[in-house]
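J.: Structure incoming, see below.
The values are calculated or read from the model by the stated rules, or taken from the named source; none is laboratory data. No experiment lies behind these values; they were computed from the predicted model shown. Neighbour counts run over all protein chains shown; Cβ positions are idealised from the backbone, glycine included.
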Amino acid sequence: MERLNNIINVINLRDVVDILIVTILIYYILKLIRNTRAEQVFKGILLILLFIKISQFFQLYTVNWIFTRFINDGIVAIIVLFQPEIRRGLQYLGLTSSIKNNFNQNKDTVPETVEEIISAVASLARQKIGALIIIEKEVGLNEVIETGTEINGLVSSGLLINIFIPNTPLHDGAVIIKGSKVKAAACFLPLSDNQKISKELGTRHRAGIGISEKSDCLSIMVSEENGTISTAENGVISRYLDIETLEAKLLEIYSPDYRVRSIFLKRGDKNEKDKF
């Protein structure tokens, strides 16, 4: 008890702040690498550090030297091998709220934009037309936009549906949406190399996951095989979503303080009929 009191007396406010910052930093690092290949490497590094301590305790000098050299010389290799994950982390450090501010500048357009996206996705899913829609958030996707055909048109259900109609010039690739504008179509996306992704998922889903690993975007995928709706964020895919769940995700992006309500109930029978 006396020893505990001595420790408490030694700790000051600066130490508490120091520990708190380190704890928050570790939390966000673990959150960033969750469900990525870096997660397994991180676990391996922790095991090696544990072995180093064990070898020191039992005075296993050769084992200790091997593991210590591995850690010291392996840092450069880790940086090269996990460059995408490191770049992703640096991108998050540089995030600003500029795009969210743009979303909230005209709140009257928020329900309309979300409604148009939802209507298009619902129609594409009913018709089993494959689609890949990327909602840009705070990390810019200009390098991806440049790979496609610039559109820069207002988001509308008709525009999105017609882009993905099979055998049309722009159907093969991704649509990038920024705010209330369709920036480009037929864009090329990086494929995820995550080995945990289900083998039944095709190129469209891997591309949607891949771009979400490199930015903070929301990827919306519609399967042309069964019409199921999926989304991907931070490299994690959510499958078999219903329209209400997708609506909630979009409203959270476009207007976090906008109360989630059912747009489909408001439209009534309008959504029951497929205009295409």
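J.: Looking at the range 133-140, can you tell me whether even one residue there is touching a strand residue (DSSP E or B) at 6+ places or on another chain (Cβ under 6 Å) and not in a strand (DSSP E or B)?
T.: So in the range 133-140, the residues touching a strand residue (DSSP E or B) at 6+ places or on another chain (Cβ under 6 Å) come out as 133-136.
Next, from what is left, pick out any that are not in a strand (DSSP E or B): none.
So far as the range 133-140 goes, no, none of its residues is touching a strand residue (DSSP E or B) at 6+ places or on another chain (Cβ under 6 Å) and not in a strand (DSSP E or B).
J.: Can I ask one more? Within the set of pairs 6 or more residues apart or between chains, which connect a residue that is touching a residue at least 24 places away in the same chain (Cβ under 8 Å) inside the range 220-237 to a residue that is part of a strand (DSSP E or B) and basic (Lys, Arg) with Cβ atoms less than 6 Å apart?
T.: Listed pairs, sorted by first residue: 230/239.
J.: Let me ask another. Of these, 78, 29, 11, which one is at pLDDT below 80, among the β-branched types (Val, Ile, Thr), closer than 24 Å to residue 194 by Cβ and loosely packed, with under 15 Cβ neighbours inside 10 Å? Steps first, answer last, please.
T.: Details: 78 fails: loosely packed, with under 15 Cβ neighbours inside 10 Å; 11 fails: closer than 24 Å to residue 194 by Cβ.
Selected residue: 29, the only one of 78, 29, 11 that is at pLDDT below 80, among the β-branched types (Val, Ile, Thr), closer than 24 Å to residue 194 by Cβ and loosely packed, with under 15 Cβ neighbours inside 10 Å.
J.: Of 43, 53, which residue is charged (D, E, K, R), closer than 28 Å to residue 80 by Cβ and modelled with pLDDT of 85 or more?
T.: Values: 43 fails: modelled with pLDDT of 85 or more.
Going through 43, 53 in turn, the sole match is 53.
J.: Is it true that residue 19 is outside the structural domain of residue 255 (by TED's automatic domain parsing), in a helix (DSSP H, G or I), modelled with pLDDT under 75 and on the phi < 0 side of the Ramachandran plot? Even if it seems obvious, please write down each step before you answer.
T.: Working: outside the structural domain of residue 255 (by TED's automatic domain parsing): yes; in a helix (DSSP H, G or I): yes; modelled with pLDDT under 75: no; on the phi < 0 side of the Ramachandran plot: yes.
Here the answer is no, as residue 19 does not meet what is asked.
J.: From 177, 211, grab the single residue that is assigned to a helix (DSSP H, G or I), hydrophobic (A, V, I, L, M, F, W, C) and under 23 Å from residue 249 (Cα atoms).
T.: Details: 177 fails: assigned to a helix (DSSP H, G or I).
After ruling out the rest, the residue left standing is 211.
J.: As an exercise: evaluate residue 239 against (1) assigned to a strand (DSSP E or B); (2) under 18 Å from residue 148 (Cβ atoms); (3) of a type outside the set (A, V, I, L, M, F, W, C) and give the number of the one condition it does not meet.
T.: Unmet for residue 239, out of (1) assigned to a strand (DSSP E or B); (2) under 18 Å from residue 148 (Cβ atoms); (3) of a type outside the set (A, V, I, L, M, F, W, C): (2).
J.: Looking only at the range 194-219, count every residue that is of a type in the set (D, E, K, R), in contact (Cβ under 8 Å) with a residue 60 or more places away in the chain and either more than 23 Å from residue 146 (Cα to Cα) or not assigned by TED's automatic domain parsing to the domain that holds residue 124 (or both) and tell me the total. Can you show your working first?
T.: So the first thing to find is which residues in the range 194-219 are of a type in the set (D, E, K, R), and the list is 196, 199-200, 204, 206, 213-214, 216.
Okay, now just the ones that are also in contact (Cβ under 8 Å) with a residue 60 or more places away in the chain, so 196, 204, 213-214, 216.
Among the residues that remain, those that are also either more than 23 Å from residue 146 (Cα to Cα) or not assigned by TED's automatic domain parsing to the domain that holds residue 124 (or both) are: 196.
So the count comes out to 1.
J.: Could you tell me whether any residue of the range 251-268 is in the same structural domain as residue 126 (by TED's automatic domain parsing), at negative phi, at pLDDT 90 or above and of a type in the set (A, V, I, L, M, F, W, C)?
T.: yes
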